[in-house]
Ligand code: BDR
Ligand code: CA
């Protein structure tokens, strides 16, 4: 599977990229940096370090934009990813700088061709610009994104997840664009279910590869700050779940449902309003026999992940 990954270069983004780079069925053609947990330039620097830790020096990183609206308010005393987005661990500089030949928007438009997948792990600022430029053939591409929530509430705001809350208008634009098939939304409903537990941490710590060591230090930092939103002893690793679902959507139970993004500046600003009314969730048989929700509800049809095969 050929993939372009748009990412804000944070700790769970690192977990996702390390996993993808280790998967022989995945070919990452490019990574684009978007602002979110940190500004886009810092995200690009982080992504170079992550790719080099994954042994994927040859994958180009293109610098994109940061959301222009206000950052979601949070009561947390520290940012969960650290000031540099990667746990503020001292690290050597990346061997290769981010590309300057093209912007992330141009790269997305160019690479997003026939059959290629887009995996969005941050705010959708770059993607909205690429779609809006008219140069990106989104109708040729499949989109999987980490973001939103159907019934799990929010993390950045009471009812909005961080990636959507950073740039609700961008998410609205992207979801309403004509993709090859309805986008797969991997939101808090599944990322708060399929978590890292002490068992996974122990397995990671026991491995002595450069990639495992790179991740272990940073996930330990993240665990102290991000775990508070989950059951005790569990740490969400949002973007890793989205990456795994992108490679194998059968790991999740999903339904085609109507989704709207609240872009109105209310207390629900940035919420993904998923129409889960029984009528909207009516299921019918496709000619091929596959059961499919008819997304008769309000909003754009999106394949919403509701449960994970933990
Ligand atoms: C999302 O926000 C970022 O902090 C994470 O990297 C993830 O993409 C989770 O809400
Ligand atoms: Ca991310």
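At-a-glance table
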read-out	value
The listed residue being at pLDDT 95 or above and either within 18 Å of residue 307 (Cβ to Cβ) or not in a helix (DSSP H, G or I) (or both), out of 240, 256	240
Verdict on residue 106 being surrounded by fewer than 17 Cβ atoms within 10 Å (Cβ to Cβ) and in contact with a strand residue (DSSP E or B) (Cβ under 8 Å, 6 or more places away or on another chain)	no
Residue match in region 18-36 (condition: under 19 Å from residue 138 (Cα atoms), buried (at least 24 other Cβ atoms within 10 Å of the Cβ) and within 12 Å of ligand 1 (Cβ to nearest atom))	yes
Verdict on residue 120 being away from ligand 1 (no atom under 16 Å from the Cβ) and either touching a strand residue (DSSP E or B) at 6+ places or on another chain (Cβ under 8 Å) or on the phi < 0 side of the Ramachandran plot (or both)	no
Residue 103 vs. criteria within 17 Å of residue 170 (Cβ to Cβ), away from ligand 2 (no atom under 16 Å from the Cβ) and out of contact with any helix residue (DSSP H, G or I) (no Cβ under 6 Å at 6 or more places or on another chain)	yes
Contacts under 8 angstrom Cβ, first residue in region 1-24 being closer than 21 Å to residue 87 by Cα and more than 13 Å from ligand 2 (Cβ to nearest atom), partner at pLDDT below 95 and in a strand (DSSP E or B), 6 or more apart	none
Filtered residue count, region 1-13, keeping only those that are within 14 Å of ligand 1 (Cβ to nearest atom), over 11 Å from residue 243 (Cβ atoms) and not in a loop (DSSP other than H, G, I, E, B)	2
Selection from region 25-40 of residues that are assigned to a strand (DSSP E or B) and over 14 Å from residue 61 (Cβ atoms)	27
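So that you can scan it fast, the table gives a plain yes or no per residue for (1) assigned to a helix (DSSP H, G or I); (2) under 17 Å from residue 258 (Cα atoms); (3) within 13 Å of ligand 2 (Cβ to nearest atom):
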| site | (1), (2), (3) |
| --- | --- |
| 122 | no, no, yes |
| 132 | yes, no, no |
| 135 | no, no, no |
| 155 | no, no, yes |
| 163 | yes, no, yes |
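The values are calculated or read from the model by the stated rules, or taken from the named source; none is laboratory data. Keep in mind that this is a model prediction, so the values were computed, not measured. No Cβ is skipped: glycine too gets one built from the backbone with ideal geometry, and neighbour counts run over all protein chains shown.
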